[in-house]
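Shown next, in structure tokens, is the structure this report addresses.
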Amino acid sequence: MSTTTIITVDHPLYPTRLKEIPYPPATLHVLGDAEILHRPMLAVVGTRKPSSYGLSVVRPLLEPVIRAGIIIVSGLALGIDGRAHQVAVDLGAPTVAVLGCGVDKIYPWEHSQLAEQIIDHGGAIISEFPDGTPPLRQNFPQRNRIISGLAKAVLLVEAGEKSGALITAKFAVDQNRDMLIVPGQITSPLSIGPLNWLKLGATPITSAEDILQQFHVTAGPSTTTVPTYHPTSEIEKTLLDLLAVESLHVDELSEKSRLDNSVVSATLALLEMNGAVHHLGGLVYSLL
């Protein structure tokens, strides 16, 4: 990890947007490139325990946004936060993680490698808490105001009735930030937060273009091309056809395909090596 840089509110590197919010942090402790804090940002927040649907929508929504030069800012938490950061890292793009502890104490520890990748790809890990501060529960609502404060807009992807992501959404409105919502299934407990915000007039998001319109930019051409994968067996074709409809857990794939779980797992491993599918985490897979 790099050396911590301390930026006071009157420092030229202190983010202009953050100065606009009520009670801006007096200092920011920064690992990585502090200059990216002045670039246009989209905050992405959501549940720590997302569904396969929630995990699967993050990449297609964010890839064009990241390619357009917009920085993703989130909280490095498990679930949607980590997924958003990972998409940026996979594209070789910078992203900003805001911690509820000192930047010398990466939390959660499961994302220690992700934190290193963020720094390696020109991103930044920041906190208003000095080095040595532990990840105390009361710190996280406080840090959420920084996540929304840095951004022009906040994108909410799945949040239960008591999700901490809703605290960030409340800060976003208080800070006059655009509130963007990914709609979910009306029967899912993880849709309670997003659907309630939609009822209050937040902007529904169903494509990356919807997000880019909020920043008044258009999607640029992709710099990569993904070759079409041709299945080499009926088993591969069956699994790819199922994943073309929705992201699925290994057990769901086994049930729907009527194939043994070990056969499904082995085939998915080969398909992932060949760039045909992507492991979203938790044994949930999607088409690449």
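Bear in mind these aren't lab numbers, they're just calculated from the coordinates by the rules spelled out. Remember, predicted model here, so these are calculated numbers, not experimental data. Quick reminder, even Gly has a Cβ in these numbers, built from the backbone with ideal geometry, and neighbours come from all protein chains shown.
What to note about this one:
- Rounded FRET efficiency, nearest 0.05, which uses the C-beta distance separating THR218 from THR8 and R0 of 25 Å: 0.10
- Sequence of LYS237, LYS170 once ranked by neighbouring C-beta atoms within 10 Å, starting from the fewest: LYS237, LYS170
- Stretch gain in nm, segment THR206-ASN176, where the contour uses 0.36 nm per residue and the Cα spacing is subtracted: 8.6 nm
- Among LEU61, LEU37, LEU259, the largest mean-square fluctuation in a Gaussian network model of the chain, built with springs joining Cα atoms closer than 10 Å, belongs to LEU259.
- Short-range pairs are left out: with C-alpha atoms under 8 Å and at least six residues apart, the relative contact order of the chain is 17 percent.
- Unit charges on C-beta of K, R, D, E only; dipole of segment 5-214, Debye: 560
- Over 31 Å between alpha carbons, listed pairs LYS19/LYS105; LYS49/LYS256; LYS152/LYS237; LYS105/LYS162; LYS162/LYS256; LYS19/LYS162: LYS152/LYS237; LYS162/LYS256
- Here the Gaussian network model covers the chain, with springs between Cα atoms less than 10 Å apart; of PRO60, PRO108, PRO231, PRO231 fluctuates the most.
- Surrounding net charge for LEU78, when Lys and Arg each add one and Asp and Glu each subtract one, Cβ distance under 10 Å: +1
- Computed from Cα atoms, the angle from the helix 52-67 axis to the main principal axis of the chain rounds to 60 degrees.
- Rounded to the nearest 10 degrees, the angle from helix 80-90 to the longest Cα principal axis of the chain is 80 degrees.
- Summarising the label geometry, the points placed 7 Å from Cα in the beta-carbon direction at ARG39 and LYS19 lie 2.2 nm from one another.
- Once the Cα atoms are used to define both axes, helix 261-273 deviates from the longest principal axis of the chain by about 60 degrees.
- In segment 5-214, a dipole from Cβ-located charges (positive for Lys and Arg, negative for Asp and Glu) runs towards its positive end, and of GLY82, SER112, ILE125 it is GLY82 whose Cα lies farthest in that direction.
- Taking a straight line from the alpha carbon of LYS199, these lysines sit under 16 Å away, with near neighbours fewer than eight places off in the same chain left out: LYS170.
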